[in-house]
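One structure below.
The values are calculated or read from the model by the stated rules, or taken from the named source; none is laboratory data. Please read all numbers here as calculations on a predicted model, not as lab measurements. With ideal geometry, Cβ positions are generated from the backbone for all residues, glycine too; neighbour counts draw on all protein chains shown.
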Amino acid sequence: MTKLTTKEIFDLSREYTFFSWSVQGQVNPIPVEKAEGVYFWDTDGKRYIDFSSQLMNTNIGHQHPKVVKAIKDQADKVCFVHPGNTTDVRALLGKKLSEVTPGNLKKTFFALGGSEANENAIKIARFYTGRHKILARYRSYHGATHGSLALTGDYRRLAVEPVLPGGVHFLDPFCYRCPFGQKKESCKRECISHLEEVIKYEGPDKIAAIIMEGVVGSNGLIVPPDDYWPRVRELCDKYGILLISDEVMSGWGRTGEWFAVDNWKVVPDIITTAKGITSGYVPLGAVIVSDKIAAFFDDKYLYAGLTYNGHALACAAALATIEVYDDDKLIENAKKVGKYLGEKLEAIKTRHASVGDVRYIGLFSTIELVANRDSKEIMPANVMGAVGKYLRENGLFTFIMANNMGSMVFIVPPLCITKEQLDEGLVIVEKALEVADAAVK
């Protein structure tokens, strides 16, 4: 292959390829040359510390040799088989997923990403219940395809409406910006009462499922109160509604447990996942259903199919990735270093006037910036742009949010990160926050 210069990679990519969620003339991609662990390097040799695990998916870190070897070994045997056939890696991965997921979750439909996983979860829920409505939260992201975008609550859905019918949205348990005006110390869980009211208005006999991210990711990293998931489970049981946990971003050790719902000992009827299942090395998504749902299709046709269902390379990568989570004790590390991260974030909040709130669970965290702490006025996008520019220029890569949902700097590093590496990145973050502090009213 012809060796391209940095400029050629940049220019050709912008001229001939589309980039996600962006004005194409304004994209400024980093041409990446190599990566290892929690770092990656651009084609000019500049090193970046990866504080968002790329897109919250390279959970085990970059270029883990065990996973790279598993992909190579599988490629030497067979790369692809007809989805109606099977392989040893598909068989073993299905069994492994039933072991690491909670409760009676048993059988998996494979896809290639989170959007496809949620598309097929919609189908399965509707087939199983005979109902058509799916409830989801406003501060949510469930994917970019037609059905999963209908479940998404944020601004990206509005731009492409009309979307798949049947999606109904409800308000979030967002304690920092409580939509019900509650205070933490006197909260009466209006978020639960509100959800039950929506269920009654929409007709329980019309609702197939409620889908929620285990912990809300890109729309503000909202960690729910400890009784929230259990009480939603109770509502679903009361009205015969399926409960779907979207663990695309919050799964695979990110919160210090295998899946976010494990923090609250809740067993959903369906888990959808992707991202960390292979740490992004090969695309893979999964819909994992309970034994009861699985049995339903034993004598009924499953109207779902994908060319790359059970792709051999992806299944091999997933098996090796799950082995790495165990062997390298990454979930334990996420819990241990995550506790340290939480303490550091609380200290940062006391030092910077621009920090309105910090939210964290495991190695899943964000810093919410405000122009005024009392009013919680969202920090303007131009200030967030300046914050992001400082971070990038100083060798830190992370996800920045700047829209009507809020202004945030996410800290979601690979689960293999050490306290020392975390400190290295937080020094850069704190310097960037000085830019935001100067804009506080």
| request: Look at Asp205 and say whether it is in the same structural domain as Asn120 (by TED's automatic domain parsing) and within 28 Å of Ile411 (Cβ to Cβ). | output: no
| remark: The residue from Ala334, Ala381, Ala294, Ala320 that alone is among the small types (Gly, Ala, Ser), assigned by TED's automatic domain parsing to the domain that holds Ala144, under 24 Å from the mean Cα position of the chain (by Cα) and at pLDDT 95 or above is Ala320
| Which of the residues belonging to the range 123-178 are of a type in the set (Asp, Glu) and either assigned to a helix (DSSP H, G or I) or over 20 Å from the mean Cα position of the chain (by Cα) (or both)? | Glu161
| remark: Taking the range 89-116 and keeping residues outside any strand (DSSP E or B) and hydroxyl-bearing (Ser, Thr, Tyr) leaves Ser98, Thr101, Ser115
| Just checking, which of Val232, Val198, Val267 is at pLDDT 95 or above and crowded, with 22+ Cβ neighbours inside 10 Å? | Val232
| Selection within the range 86-128 - surrounded by fewer than 20 Cβ atoms within 10 Å (Cβ to Cβ) and either under 20 Å from Leu242 (Cα atoms) or not assigned by TED's automatic domain parsing to the domain that holds Ser250 (or both) | Ser98, Pro102, Gly103, Asn104, Lys106, Lys107, Lys123, Arg126, Phe127
| field | Long-range neighbours under 9 Å by Cβ, at least six apart or interchain, first residue farther than 18 Å from Ile199 by Cα and in the same structural domain as Pro225 (by TED's automatic domain parsing) within the range 168-183, second among the small types (Gly, Ala, Ser) and in a loop (DSSP other than H, G, I, E, B) | value | Phe174/Gly220; Tyr176/Gly220; Arg177/Gly220
| field | Scan of the range 335-392 for residues that are hydroxyl-bearing (Ser, Thr, Tyr), touching a residue at least 60 places away in the same chain (Cβ under 8 Å), closer than 22 Å to Met56 by Cβ and not in a strand (DSSP E or B), ordered by number | value | Tyr340
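Every residue, every condition in (1) surrounded by 21 or more Cβ atoms within 10 Å (Cβ to Cβ); (2) β-branched (Val, Ile, Thr); (3) over 25 Å from Lys335 (Cβ atoms); (4) not assigned by TED's automatic domain parsing to the domain that holds Met56, yes or no:
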{"site": "Val387", "(1), (2), (3), (4)": "yes, yes, yes, no"}
{"site": "Gly406", "(1), (2), (3), (4)": "yes, no, yes, no"}
{"site": "Val412", "(1), (2), (3), (4)": "yes, yes, no, no"}
{"site": "Asp423", "(1), (2), (3), (4)": "no, no, no, no"}
{"site": "Lys431", "(1), (2), (3), (4)": "no, no, yes, no"}
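Considering only the range 15-57, how many residues are of a type in the set (Ser, Thr, Tyr), surrounded by 12 or more Cβ atoms within 10 Å (Cβ to Cβ) and either outside the structural domain of Val409 (by TED's automatic domain parsing) or farther than 22 Å from Leu330 by Cβ (or both)?
Total satisfying the criteria: 1.
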| query | Out of the range 121-137, which residues are in contact with a Gly (Cβ under 8 Å, 6 or more places away or on another chain) and small (Gly, Ala, Ser)? | reply | Ala136
| task | Kindly indicate whether Lys441 is surrounded by fewer than 19 Cβ atoms within 10 Å (Cβ to Cβ), modelled with pLDDT of 95 or more, touching a strand residue (DSSP E or B) at 6+ places or on another chain (Cβ under 7 Å) and over 26 Å from Arg254 (Cβ atoms). | result | no
